[in-house]
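Okay, so here's the structure we're looking at.
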Amino acid sequence: QKEVEQNSGPLSVPEGAIASLNCTYSDRVSQSFFWYRQYSGKSPELIMSIYSNGDKEDGRFTAQLNKASQYVSLLIRDSQPSDSATYLCAVEEGTYKYIFGTGTRLKVLA
Amino acid sequence: NAGVTQTPKFQVLKTGQSMTLQCAQDMNHNSMYWYRQDPGMGLRLIYYSASEGTTDKGEVPNGYNVSRLNKREFSLRLESAAPSQTSVYFCASSEAGTGNEQFFGPGTRLTVL
C-alpha cells in the first residue's frame, strides 16, 4: 500500500503569517497531487491541484511539487482565522485510486 | 446545481442490521467513489465506479456492496452492520480519467451499536 504522510499538527500560526503545510508520498510514479480543505464536520473541498514540478499559485495559496524528493507542500499567505481547518494531501496512485494523508490541522490565531 | 448529495445524513444501526447509503450527482460525471473517514486514518476508498455499469474494489471493500444504478446514482450497502463500520461515509464524483478533481458529498455519519 502506497503511503501519503502528513504531520497531524496542530500547526498554529498568527493571523497574517504564512502557513506551510507539507506532505510526502511513497509512490514515485504518481503524477497528480491535490490539496483539500476540510472544516470540522464538513466534507473535503479542493483548494489546489498540481501536476508538474515547481510552484502553482492561486490567490493566497501556493502549491509546490518536487517529484525527485517526493514531497508536495501548500503555502497559505496572509493566513486568516477562516483558514483554520484540516488540510488533506491526496496523491493519485493510479487511475481512479487516490491516497489521502491523515491531514494537518491548522489553527490561525487572531 | 446541488453537486453531490447523500442520504441519510445520520444513521444509527444495531449490529447485524442492513442499510443502503444513497448518493447522487448532477455534474454529469462518469466516475463515482465511496470513502470512509475514521479518526487518525484519513479517507480510505471502499469502492469506485469508473463509469456507468462498472464497479471495482478499493482499499477497504470487505463488508460492503455497491450498485451504480445509472450515471447519476451510486449506492453503498451494508448487509450486516458491524461496530467496526462506525464511520463517516463520503461519496465523491469526478470526470473520467486521471488527474481530475473529486467533488465530495456532505457525508453520512453512521454509528453501529
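Numbers at a glance
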quantity	calculated
Cβ-placed point charges (K, R +1; D, E -1), dipole of chain B about Cα centre in debye, nearest 20	340 debye
Charge dipole magnitude, Cβ of K and R +1, D and E -1 - the protein assembly as shown, Cα centre, debye nearest 20	520 debye
Estimated dipole of the stretch A:26-110 in Debye, rounded to 20 [Cβ of Lys and Arg +1, of Asp and Glu -1, Cα centre]	180 debye
Inter-label distance for residue A:45 and residue A:109, nm, one decimal - labels placed 7 Å from Cα along Cα-to-Cβ	2.7 nm
Sparsely packed GluC sites (Glu not before Pro) within the stretch B:1-87, loop by DSSP, other Cβ within 10 Å at most 16	B:52, B:59, B:79
Chain A, relative contact order [Cα under 8 Å, separation at least 6], %	38 percent
Kirkwood Rh, Cα atoms: Rg over Rh of chain B	0.95
Loop-located GluC sites (Glu not before Pro) in the stretch A:1-60, at most 14 other Cβ atoms within 10 Å (DSSP)	A:3, A:15
Whether the stretch A:1-87 is rounded, prolate or oblate, judged on the alpha carbon gyration tensor where a/c under 1.5 counts as rounded	prolate
Charge dipole (the protein assembly as shown, unit charges on Cβ, about Cα centre) - positive-most of A:52, B:63, B:99	B:63
Alpha-carbon centroid distance for the pair the stretch A:9-65 / the stretch B:34-113, whole angstrom	23 Å
Sparse-neighbourhood loop sites, trypsin sites (Lys or Arg not before Pro) in the stretch B:1-60 - DSSP loop, at most 14 other Cβ within 10 angstrom	B:9, B:14
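All of the numbers you see were taken from the coordinates with simple rules; none came from a lab. All values derive from a computational prediction rather than experimental measurement. Every residue, glycine as well, gets a Cβ built from its backbone with ideal geometry; the counts of neighbours run over all protein chains shown.
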